[in-house]
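The values are calculated or read from the model by the stated rules, or taken from the named source; none is laboratory data. Nothing here was measured: the structure is a model prediction, and the numbers come from that model. Cβ atoms come from the backbone with ideal geometry, glycine included; neighbour counts cover every protein chain shown. Ligands, DNA and RNA are stripped out before the accessible areas are found, and what is left, the full protein with its side chains, is counted by its heavy atoms. Shrake-Rupley method; radii C 1.70, N 1.55, O 1.52, S 1.80 Å.
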Amino acid sequence: LMGSLPEPTGKYAVGAVEVDVPLGDEGLVVPCVIYYPAVAGTGTKGAMAWLPEATARGLGEAQVDFLGAWLGGVFLGAAAPLATGRATVRASLGASPLSRRDQDRDQDQDQDDPFAGSWKTAVFSHGLTAWRHVNSTFCVEVASHGVVVIACEHCDGSAARATASEFSSPGDGDGDGDKKKTLASFVSWERAKKPELARDAAVADVEAAGRDWRRGQVDRRVDEVHAALDGLQGSLDRVLGRRAVPCRVDGEVLVLGQSFGGATAATCVLEASPRSRRFSRAMLYDPWIELDGDDLYPIRPRHFQTPTLPHLDRLDVWRNGKSRLWALSKDNTERLAAKCGPTRAFFHDEPLCGHFAQTDAAVVFEGGPLGFLYKRLKGTDGEPPAIVALQRASAQTIDALQGWLPPGDTHQ
């Protein structure tokens, strides 16, 4: 049942491919979904399960605490089709890519422009216990307005379960029948990392070590974001054909992130490195930026000390009043905005929304056959319907991108 997630509003059909992008020289990869403007009617719509079985098991191990990790994984792995109504991502797998050069010609764009014929690029970083499809609505929506969008599945121990995008040999699978190799499983702070640090005689302050562990995860995530951008063109060429989807990745890139991904996206634009200059816009959805001074995390304090962000044309931040991050991160989001100045930073405050309002998760689980159970467990009293909150944030996202989106694109 595809009805739970909203259709994109842009004028372009959206295709998607799943790829593994190389990370460094040690054989590591970043599993990604790449969304792109496509020829309408091509590809296979509904081919990507929003919550694959292996991911559901990882999510159950991470989130269904009352059953224990193993049993929680078995339970959600089995219950996922019912809980989600078999929701699928609203993009057509392997669709024929649309030519940007033809679109530029139709709009009388300067063909001598070095970027002529290339699509702008965006990259999305997910939150804790999330996965590659949890923000698919935003990714598909932005792509439908003429942008190539990368959704990373991070391998730092923060995803519910990170799996290879491309099929491995049968012996590499994890036994769930899809033959996709598990690259990283979720590492729980309370159940795994905190006890590990407490047992380490060399660790004097467990909480401080935990903050540094989170900072290290963000470092890895930022490296993965850049690797995804650096490897984007080669991956698309390999899967769809050489220069079938030409992209610009060295400038005017949009970075988006939710929760822990918000800290990742913020670090992408904050770090004092030439690579940060490729980003011209950032969008943070209920970002996690806690404490201050030397204790600030999960962003490294030295990055947060960057005084100004002259390379950033616009920063948008969504803050949710019923999220615990409202209190933890509110002051730091305002400090971050001050680095851009009042004319380039914008807040979208949602006092009645919870933490997951800008993800697909609440929409899928609320709208699924077990929606009544989800509402009881999560406690959604007083919150707007999930679909209303998600569509509002999606529309706000596109409105904020006017002037950055390709010429001639309009928001329906």
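Summary of computed values
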read-out: Pair list, Cβ under 8 Å, 6 or more apart: the range 318-338 residue closer than 12 Å to residue 354 by Cβ and free of Cβ contacts under 8 Å to residues at least 12 places away in the same chain, other residue open to solvent by 10 Å² or more (accessible area, probe 1.4 Å) and polar (S, T, N, Q); value: none
read-out: Residues being surrounded by fewer than 24 Cβ atoms within 10 Å (Cβ to Cβ) and closer than 20 Å to residue 215 by Cβ - total across the range 280-295; value: 6
read-out: Members of the range 24-55 that are of a type outside the set (Ser, Thr, Tyr) and within 18 Å of the chain's Cα centre (by Cα); value: 29, 30, 31, 32, 33, 34, 48, 49, 50, 51, 52
read-out: Filter result (of a type in the set (D, E, K, R), part of a helix (DSSP H, G or I) and open to solvent by 30 Å² or more (accessible area, probe 1.4 Å)) within the range 191-229; value: 191, 193, 194, 196, 199, 207, 211, 212, 219, 220, 223
read-out: Positions within the range 390-412 being at pLDDT 95 or above and either touching a Cys at 6+ places or on another chain (Cβ under 6 Å) or not small (Gly, Ala, Ser) (or both), in sequence order; value: 390, 391, 392, 396, 397, 398, 399, 401, 402, 404, 405
read-out: Options 76, 82; residue that is touching a Leu at 6+ places or on another chain (Cβ under 7 Å), buried (at least 22 other Cβ atoms within 10 Å of the Cβ), at pLDDT below 85 and over 22 Å from residue 232 (Cα atoms); value: 76
read-out: Looking only at the range 34-57, and only at residues there that are touching a Leu at 6+ places or on another chain (Cβ under 9 Å), open to solvent by less than 20 Å² (accessible area, probe 1.4 Å) and among the small types (Gly, Ala, Ser), the one that is modelled with the highest pLDDT; value: 38
read-out: Qualifying residue in the range 333-347 (condition: modelled with pLDDT of 95 or more and in contact with a Gly (Cβ under 8 Å, 6 or more places away or on another chain)); value: no
read-out: Flag for residue 365 being of a type in the set (A, V, I, L, M, F, W, C) and closer than 30 Å to residue 81 by Cβ; value: yes
read-out: Flag if residue 294 is among the acidic types (Asp, Glu) and under 18 Å from the mean Cα position of the chain (by Cα); value: no
read-out: Qualifying positions in the range 336-371 - closer than 17 Å to residue 6 by Cβ and touching an Asp or Glu at 6+ places or on another chain (Cβ under 8 Å); value: 353, 357, 358
read-out: Unmet criterion (only one of (1) modelled with pLDDT of 95 or more; (2) among the hydrophobic types (A, V, I, L, M, F, W, C); (3) within 24 Å of residue 385 (Cα to Cα)) for residue 327; value: (1)
read-out: Hey, residue 232 touching a Cys at 6+ places or on another chain (Cβ under 6 Å) and surrounded by 19 or more Cβ atoms within 10 Å (Cβ to Cβ) or not; value: yes
read-out: Identity of the residue in the range 235-255, in contact with a helix residue (DSSP H, G or I) (Cβ under 6 Å, 6 or more places away or on another chain) and among the hydrophobic types (A, V, I, L, M, F, W, C), that ends up surrounded by the fewest Cβ atoms within 10 Å (Cβ to Cβ); value: 249
